[in-house]
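Before any comments, here is the structure.
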Amino acid sequence: MKLVTAIIKPFKLDDVRAALSEIGIQGMTITEVRGFGRQKGHTELYRGAEYVVDFLPKIKIELAVDDEMLERTTEAIVESASTARIGDGKIFVCDLEDVIRIRTGETGAQAL
Amino acid sequence: MDGFKRIFLKRYALMTALMLLPALAWGQEADVLDTGDTAWMLTATALVLLMTIPGLALFYGGLVRSKNVLSVLGQCFAITGMASVLWYVIGYGLAFGDGGAFFGTPGDKLFLVGVTADSMTGTIPETVFATFQMTFAVITPALIVGGFAERMKFSSMMLFMAAWLLLVYAPVCHWVWGGGWISTHGALDFAGGTVVHINAGIAALVAALVLGKRRGYPKAQMRPNNLGYTVIGASLLWVGWFGFNAGSALGANGTAGMAMLVTQIASAMAALTWMFVEWIRHGKPSVLGIATGAVAGLVAITPACGVVGPMGAIFIGFAGGFCAFWASTSLKRRFSYDDSLDVFGVHGSAGIIGALLTGVFCAEQFGGAGFGSDEITTIGGQLWAQGIGVVATIIYGGVASYIILKVVGQLTGGLRVNEEDEVLGLDLALHDEQGYNL
């Protein structure tokens, strides 16, 4: 099993959610986060006073998938979240040791 | 009120004289109450109070950092209370008591004992006139708050404002509206460009310089906590300003109507001017800029509103918006003073340009109502009179504000909060409260 963590542009969330539902992903967790990559921050201007804001708002999506679903999942995210412009975000993939469904106590792939 | 009436007649000569004709024809010395005038002035008085609370309070409150939002709202509110009470005690007498070129003699106006339900000022009750002027005495010190925002002790602020109201506002008000020396020299200031805006602007600049910059200025991030407040505040200022400007006609008449029209035109023009200048210079029009431009236009038209026509208003609005933009951005950066919320940048600069241009556009060839006195026959002559009013206000207001600040600093052990409190924020440090508990 893999834990997929995707950082995306906030306005792409609905597209990504729809794309993931389409390939059969049944759950995910999202968080509003702030950060920067190559896009850097942005500048705000108040009556001529410039403030550089280092961290831009992004959405972090976390979901756990079976190994065979991994490629389709990342492809779906890349396709739906891409604008081909700087600042589209990144996807991190980690090994996931176990998953437990709290209601039933099921573990592993059955709990996904 | 004799001095006042004389000025009143001279200033708005044509329309006012026509209005007073019936009263004179009856051969009565006593002023006759006009219900239309009185109804309008009751309304205008409420509108001017609306400018300070919540208008100005929100305009300023939105611009500071979230840890100081309550302190600014609280200062505006506290000043509203204090200035009203001081106006009742002695301020009204100092400004509008009969007598001197410099100060009015409080005499029977002390504690307003001579002001009864039957007292008249022109065609309105003196109670209404005194309250109308009270709301001006409220907003002028409140405007200064923006100069030293986010760093002044509350105690120092209250002492400074009390002294400033009586020693700076009241005399300058007397010079211009109470029959004092500026008005007798023919300078025009219909609704308070010198009395209110230059006066407050220069005091705020002096306060900003005496107190010094906020910790970290200009490097640290000092983003406004809620520009929505600021836009609402600017909008309320705009609406309330009709009471301020059209109310300064002291009656429901043609002068008030013209004042209302030119106020709207100048403010709209100034909002657009700031918007386009910023759009061209920085690539995007800012909402804060549009709102600030509107306020600058309102300031600039204030001295002119009863004496210029619509064409004058367009030029004055443009000049006010442009000057305020330049003063709040380029000038402020060049000299690196921390006039936190641009009181001098907006009220001082637009006030000065408005006062001077009043001398140009009051001319009849530009659709104005004419010069300020019979001795003045040219635009140059009127400009000279305007210039004297502006320079006198700047010098007197600047020096007196400086002295008051120094004395208050001695009395309260320093005007500023300590560094720890400044970092913590004035809301918690001075009031044990927070603006936002999200």
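The values are calculated or read from the model by the stated rules, or taken from the named source; none is laboratory data. As the structure is a prediction and not an experimental result, all values here were calculated from the model. Counting neighbours? That spans all protein chains shown, and the Cβs are built from the backbone with ideal geometry, glycine included.
So here's what we get for this one:
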| quantity | calculated |
| --- | --- |
| Any hit, the range B:309-326, residues being among the hydrophobic types (A, V, I, L, M, F, W, C), farther than 20 Å from residue B:361 by Cα and within 14 Å of chain A (Cβ to nearest Cβ) | yes |
| Filtered residues of the range B:277-308 (kept if of a type in the set (A, V, I, L, M, F, W, C) and farther than 20 Å from residue B:357 by Cβ) | B:279, B:280, B:287, B:288, B:290, B:291 |
| The range A:66-81, residues that are surrounded by 12 or more Cβ atoms within 10 Å (Cβ to Cβ) and either touching a residue at least 24 places away in the same chain (Cβ under 8 Å) or farther than 18 Å from residue A:18 by Cα (or both) | A:66, A:69, A:70, A:72, A:73, A:74, A:76, A:77, A:80, A:81 |
| Odd one out for residue B:222 among (1) more than 12 Å from chain A (Cβ to nearest Cβ); (2) outside any helix (DSSP H, G or I); (3) within 24 Å of residue A:45 (Cα to Cα); (4) of a type in the set (A, V, I, L, M) | (1) |
| Residue within the range A:48-56 that is in contact (Cβ under 8 Å) with a residue 24 or more places away in the chain and within 19 Å of residue A:36 (Cα to Cα) present | yes |
| All positions within the range B:327-336 that are of a type in the set (S, T, N, Q) and either surrounded by fewer than 21 Cβ atoms within 10 Å (Cβ to Cβ) or away from chain A (no Cβ under 12 Å) (or both) | B:330, B:336 |
| Count of residues meeting criterion [under 18 Å from residue B:260 (Cα atoms) and either modelled with pLDDT under 95 or within 18 Å of the chain's Cα centre (by Cα) (or both)] in the range B:315-329 | 3 |
| Among residues of the range B:269-312, those that are assigned to a loop (DSSP other than H, G, I, E, B) and among the hydroxyl-bearing types (Ser, Thr, Tyr), counted | 2 |
| Spans of helices (runs of 4 or more DSSP H) in the range B:337-438 with at least 1 residues within 14 Å of another protein chain (Cβ to nearest Cβ) | B:349-361 |
| Residues satisfying the stated conditions in the range B:254-270, i.e. of a type in the set (Gly, Ala, Ser), touching a Phe, Trp or Tyr at 6+ places or on another chain (Cβ under 9 Å) and under 12 Å from residue B:318 (Cα atoms) | B:266, B:267, B:270 |
| Test: residue in the range A:71-84 that is on the phi > 0 side of the Ramachandran plot, assigned to a loop (DSSP other than H, G, I, E, B) and modelled with pLDDT under 95 | yes |
| Every residue from the range B:119-153 that is outside any helix (DSSP H, G or I) and of a type in the set (A, V, I, L, M) | B:120, B:124, B:149, B:152 |
| Scan of the range B:244-255 for residues that are surrounded by fewer than 24 Cβ atoms within 10 Å (Cβ to Cβ) and either in a helix (DSSP H, G or I) or of a type in the set (Lys, Arg) (or both), ordered by number | B:254 |
| Some residue of the range B:208-217 being away from chain A (no Cβ under 14 Å) and either under 19 Å from the mean Cα position of the chain (by Cα) or aromatic (Phe, Trp, Tyr) (or both) | yes |
| Selection count, the range A:29-46, where residues are exposed (fewer than 15 other Cβ atoms within 10 Å of the Cβ) and either in contact (Cβ under 8 Å) with a residue 40 or more places away in the chain or part of a strand (DSSP E or B) (or both) | 10 |
| Every residue from the range B:354-377 that is of a type in the set (A, V, I, L, M, F, W, C) and touching a Gly at 6+ places or on another chain (Cβ under 6 Å) | B:355, B:361, B:362, B:366, B:376 |
| The one condition in (1) on the phi > 0 side of the Ramachandran plot; (2) under 22 Å from the mean Cα position of the chain (by Cα) that residue B:283 fails to fulfil | (2) |
| Residue in the range B:184-196 that is closer than 24 Å to residue B:64 by Cβ and in contact with a Phe, Trp or Tyr (Cβ under 9 Å, 6 or more places away or on another chain) present | yes |
| Residue in the range A:47-65 that is farthest from the other protein chains (Cβ to nearest Cβ), counting only those that are surrounded by fewer than 18 Cβ atoms within 10 Å (Cβ to Cβ) and modelled with pLDDT of 95 or more | A:62 |
| Helices (runs of 4 or more DSSP H) contained in the range B:1-118 and holding at least 3 residues farther than 27 Å from residue B:252 by Cα and modelled with pLDDT of 85 or more | B:57-61, B:69-86 |
| Pair list, Cβ < 6 Å and 6+ apart or interchain, from the range B:286-314 residues that are modelled with pLDDT under 95 to residues that are buried (at least 24 other Cβ atoms within 10 Å of the Cβ) | B:306/B:190; B:306/B:249; B:306/B:255; B:306/B:259 |
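Matching residues to (1) at pLDDT 95 or above; (2) over 30 Å from residue B:161 (Cβ atoms); (3) crowded, with 16+ Cβ neighbours inside 10 Å:
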position	(1), (2), (3)
B:367	no, yes, yes
B:383	yes, yes, yes
B:394	yes, no, yes
B:401	yes, no, yes
